[in-house]
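S.K.: What follows is a structure written as structure tokens; I'll ask about it next.
The values are calculated or read from the model by the stated rules, or taken from the named source; none is laboratory data. Bear in mind that the values here come from a model prediction, so they are computed numbers and not experimental data. Here Cβ is always computed from backbone atoms with ideal geometry, including for glycine, and neighbour counts include all displayed protein chains. Accessible surface areas use protein heavy atoms only, side chains included; no ligands, DNA or RNA. Shrake-Rupley method; radii C 1.70, N 1.55, O 1.52, S 1.80 Å.
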Amino acid sequence: MVKHRGRGRKHLIDTAYIVWYEKSMVDAQTVVATWYYAWRDYSGDFYDVETHFQPRARYVFVPGQGGTMMRLDWSGEWKPRRNVHPLPVGAMGWHAIDVWCSHESIRAAVAGTPLQYSGWETYCEQYNTLLTFFDLAAKYRCVEYLTKLGFVNLVMAKLDGRRTYGAIHWRGRTMEQVFRMPRRDVYTFRAMASTIEPLSLHSYHVWRCRGWDVSPVDAHLVRELCHPHYWRQIEARTTFASEVEIAKYLLKQVRTSAYHSPTYALIEWHDYLRHCEELGIPLTSKRVVFPSNLRDVHDKMMRRVQIKRDERLNEQIQARLAELEPFIYTDGRFVIRPARSVQELFEEGQALHHCVGSYAAKYASGETDLFVMRLASAPDTPLCTIEMQGDVLRQARGERNRPLHEDEQAFVDQFVRRIAQRRERHRRQKAS
């Protein structure tokens, strides 16, 4: 068929990787695996093609000791590797080479060995070759207990190389030793096994070490507080209270307010304290540091801060009006004047459905000039908004950012020419 289509057979080679498990011929309790490279070459006599196999890596899993790996080097020598891992999967042409693992060979290889009860079937879909799993299961017997109790997430975290925070004693012989907690708490965690992660156990240990007799449920709820990022934020506020007091307060806010998680409550509590500092409110009493309803107090404090910041911007805008009010211009039908406050800019934006309010800080600092355009017969009703930089028109927009009508544009053009003339006259006077 290939020849008929006029395509050459030079590169017509089927390739695959195959992982095969067997019992050790030396020790019946030991499991071995071989990583093969397999290929069928059609470039020669395509009527007589054989499947070739070449071992590329060998693995030995000894229960109680762990796994070892030997890899065929480019020089043709077998060399040990520091840790067990699958081989990197290359590509042939545009297609990645498939990796196939015989799970039936695993079943036969582990039969009658301690690895038979490791729960390897649970991890077949996630870790196809199961090489790293058998390395872990052969090294730590608790992998079997964790899997059977439903703590699959803990095992997968270890397999994936994710941080486990030292929360699991992998060489422990009992569940109490593995989890470092009483049996009753182990069973409480087991009821939540599908959602438990290493950080949950780490949270339990952290708070217990600090004197809080935290329950497994609460430890799981506040687990994110023990993440290094959020823990640094808590440590930054320990001048007001201890870590435990802060955690208990945030947990209470989750249960009594509309917060979805303690970390979200922590962010708003941090903002609230910062607002208090900005407003000069002394943080000397627990009642101020830990308001009973954080959500309401946070929102009120944020409004106070916004008012204060608006007052600062308004003072700057008022100082600019002396410079800009001489540019007020009217032709009897339209009138243009400078914006007079932050509040007026926001009301302008709300009325005309555009974002001029976001330009308030630039306007106050003198980076840009903002003018409002009205009908002379309706001086308080927003019509158009104009942005100028010096004597250059940057933009002029009506409702929903519409372009100006012809008569409106003609008036704005007169206004721009008038500003240019006044500024040029001012420059000449200054130069003379």
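S.K.: Within the range 185-196, how many residues turn out to be open to solvent by less than 60 Å² (accessible area, probe 1.4 Å) and under 14 Å from Glu224 (Cβ atoms)?
M.R.: So the count comes out to 1.
S.K.: Can you tell me which residues in the range 245-278 are part of a loop (DSSP other than H, G, I, E, B) and either among the aliphatic types (A, V, I, L, M) or surrounded by fewer than 13 Cβ atoms within 10 Å (Cβ to Cβ) (or both)?
M.R.: Ala258, His260
S.K.: A follow-up question, please. Just name the residue that is farthest from the chain's Cα centre (by Cα) out of those in the range 402-432 that are among the small types (Gly, Ala, Ser) and in a helix (DSSP H, G or I).
M.R.: Ala431
S.K.: Kindly list, by first and then second residue, each pair from a residue in the range 295-321 that is among the aliphatic types (A, V, I, L, M) to a residue that is open to solvent by 40 Å² or more (accessible area, probe 1.4 Å) and not in a helix (DSSP H, G or I), limited to pairs with Cβ atoms under 8 Å and residues at least 6 apart or on different chains.
M.R.: If the second residue must be open to solvent by 40 Å² or more (accessible area, probe 1.4 Å) and not in a helix (DSSP H, G or I), the pairs left are Ile317/Arg340; Leu321/Arg340.
S.K.: Still on this structure: Within the range 30-63, take every residue that is in a loop (DSSP other than H, G, I, E, B) and among the hydroxyl-bearing types (Ser, Thr, Tyr) and give me the one that is most open to solvent (accessible area, probe 1.4 Å).
M.R.: Only one residue fits best here, namely Tyr47.
S.K.: Out of the range 321-330, which residues are open to solvent by 40 Å² or more (accessible area, probe 1.4 Å) and assigned to a helix (DSSP H, G or I)?
M.R.: Ala322, Glu323, Glu325, Pro326
S.K.: Arg333 passes all but one of (1) charged (D, E, K, R); (2) surrounded by 17 or more Cβ atoms within 10 Å (Cβ to Cβ); (3) touching a residue at least 40 places away in the same chain (Cβ under 8 Å); which number fails?
M.R.: (2)
S.K.: Test of understanding: among Ile317, Ile307, Ile281, which residue is within 36 Å of the chain's Cα centre (by Cα) and either within 30 Å of Thr385 (Cβ to Cβ) or part of a helix (DSSP H, G or I) (or both)?
M.R.: Going through Ile317, Ile307, Ile281 in turn, the sole match is Ile307.
S.K.: Which one of the conditions (1) outside any strand (DSSP E or B); (2) under 30 Å from Ser118 (Cα atoms); (3) of a type outside the set (Asp, Glu) does Trp20 fail to meet, given that it meets all the rest?
M.R.: (1)
S.K.: Okay, moving on. Give the residues of the range 64-78 that are polar (S, T, N, Q), open to solvent by less than 90 Å² (accessible area, probe 1.4 Å) and farther than 21 Å from Val99 by Cα, sorted by residue number.
M.R.: Scanning the range 64-78 gives a single hit, Ser75.
S.K.: For the range 283-320, which positions are at pLDDT 90 or above, open to solvent by less than 90 Å² (accessible area, probe 1.4 Å) and over 15 Å from His270 (Cα atoms)?
M.R.: Ser285, Leu313, Asn314, Gln316, Ile317, Ala319, Arg320
S.K.: Collect the residues in the range 226-238 that are under 13 Å from His270 (Cα atoms) and either in a helix (DSSP H, G or I) or of a type in the set (Ser, Thr, Tyr) (or both), keeping them in residue-number order.
M.R.: If the condition is that a residue be under 13 Å from His270 (Cα atoms) and either in a helix (DSSP H, G or I) or of a type in the set (Ser, Thr, Tyr) (or both), then Tyr230, Trp231, Arg232, Gln233, Ile234, Glu235, Thr238 are the ones that fit.
S.K.: Could you list, in sequence order, the residues of the range 218-241 that are among the polar types (S, T, N, Q) and open to solvent by less than 50 Å² (accessible area, probe 1.4 Å)?
M.R.: Gln233
S.K.: Filter the range 175-184 down to residues that are open to solvent by less than 60 Å² (accessible area, probe 1.4 Å) and more than 11 Å from Tyr140 (Cβ to Cβ) and give me whichever is nearest to the chain's Cα centre (by Cα).
M.R.: Phe179
S.K.: Out of everything in the range 320-350 that is among the aromatic types (Phe, Trp, Tyr) and more than 44 Å from the chain's Cα centre (by Cα), what residue ends up being farthest from Glu406 (Cα to Cα)?
M.R.: Phe327
S.K.: Now a separate question. Do the conditions hold for Arg208, that is, is it assigned to a helix (DSSP H, G or I) and surrounded by fewer than 18 Cβ atoms within 10 Å (Cβ to Cβ)?
M.R.: In short, yes.
S.K.: With respect to His353, is the statement that it is of a type outside the set (S, T, N, Q), over 18 Å from Arg320 (Cβ atoms) and touching a Lys or Arg at 6+ places or on another chain (Cβ under 6 Å) true?
M.R.: yes
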